[in-house]
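The values are calculated or read from the model by the stated rules, or taken from the named source; none is laboratory data. What you see is a predicted model; the values in this text were computed from it and never measured. Every residue, glycine among them, receives a Cβ derived from its backbone with ideal geometry; neighbour counts consider all protein chains shown. Keep in mind that these areas ignore ligands, DNA and RNA; they rest on the heavy atoms of the full protein, side chains included. Shrake-Rupley method; radii C 1.70, N 1.55, O 1.52, S 1.80 Å.
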Amino acid sequence: KPPATERIDFIHGHVFDSVDTTQALHQFQRLPFDPAQSQPLTPGQEFDLENEHNVDVLVQRLRSTANIYEQTEILHTLTTLEHLHFDTGLGSGQPATVADLLEELYAKASLVHSDQAAEENAAYWSIIRYTAGLLDRYNIGLSDAVTDILVRQKQILIGKAFSDDSLITEPLSLEEITDKIAHFCREDIRDRVLTQEILIYLSSIVKTEPSLFGGFLTLRIGYLILLLTGELALEQNLTQDEAYNQLMFLSPFEIKTRLRNAIAGVRRPRQHPTTAGNPPPTPNRSCL
């Protein structure tokens, strides 16, 4: 059984040494993997997999597809229908639980694909976030990050809706923070990982550029995610859902850079053209 709290190694945007990915991938034999076939699913394909309730059909799809995006979506559905410790039977005589296979996909997606184009490699960040969310992984630096924000006279709102329980006004343990994230970020499993990233990046930005946060008392994580999504929707003429999915493909460095620029933009409002995406809402003067 995997521990309830595990470290996410990618969250600080660390660059790992290049490895021989062909050799490294040979250790993963349970699920086929082909980068050429690994393309993001369409909304219709995602809907079909989410609404497939036949476990045998899902396991057969899992056995036959080499698309890492399809494999992740299938494992999410199996987690919903069964549980993380459900044995898929794909272990060639050894147990191969849903959690085992998610760990495999997380490891594959985390490998440095030095022989691939940069934008192909970047696409796997969505898999890393998705599998980390399903595995209930948390960054051990969260408690320090929250404290860094609080000592600068800011409070933090987790999730999209305001409530006293979602507000952080004093230092908390890692377990207390992760409980709040799990409770108030339930609509999309990826929100749990993205919320952690935003907290880590905010702690860094508030230390290096405290003037960006002048006049703001409450940092609303759900609003900041909406702000990033809205910016992408405006830039690429996307719907909010499409922009959120696009956000998942961005590297940690890109998200941190966009977050910093978005906060600066709130302090210096800009005019946006009207597009299919809804523009970001205007924040309360005391909230960000």
Residue within region 192-204 that is under 21 Å from Lys154 (Cα atoms), free of Cβ contacts under 8 Å to residues at least 24 places away in the same chain and open to solvent by less than 30 Å² (accessible area, probe 1.4 Å) present = no
State which residue is most open to solvent (accessible area, probe 1.4 Å) when the search covers only region 207-249 and only residues that are within 21 Å of Gln196 (Cα to Cα) and outside any helix (DSSP H, G or I).
-> Leu217
Selection within region 39-64 - under 18 Å from Glu104 (Cβ atoms) and touching a helix residue (DSSP H, G or I) at 6+ places or on another chain (Cβ under 6 Å) | Leu58, Arg61, Leu62
Among (1) open to solvent by 90 Å² or more (accessible area, probe 1.4 Å); (2) in a helix (DSSP H, G or I); (3) of a type in the set (Lys, Arg), which single condition is Arg186 missing?
-> (2)
Looking at region 163-173, is at least one residue among the β-branched types (Val, Ile, Thr), assigned to a helix (DSSP H, G or I) and buried (at least 20 other Cβ atoms within 10 Å of the Cβ)?
-> no
Filter result (over 24 Å from the mean Cα position of the chain (by Cα) and at pLDDT below 95) within region 155-169 | Asp164
Just wondering, is there one or more residues in region 270-285 that are farther than 29 Å from Ser143 by Cα, in contact with a Leu (Cβ under 7 Å, 6 or more places away or on another chain) and at pLDDT 90 or above?
-> no
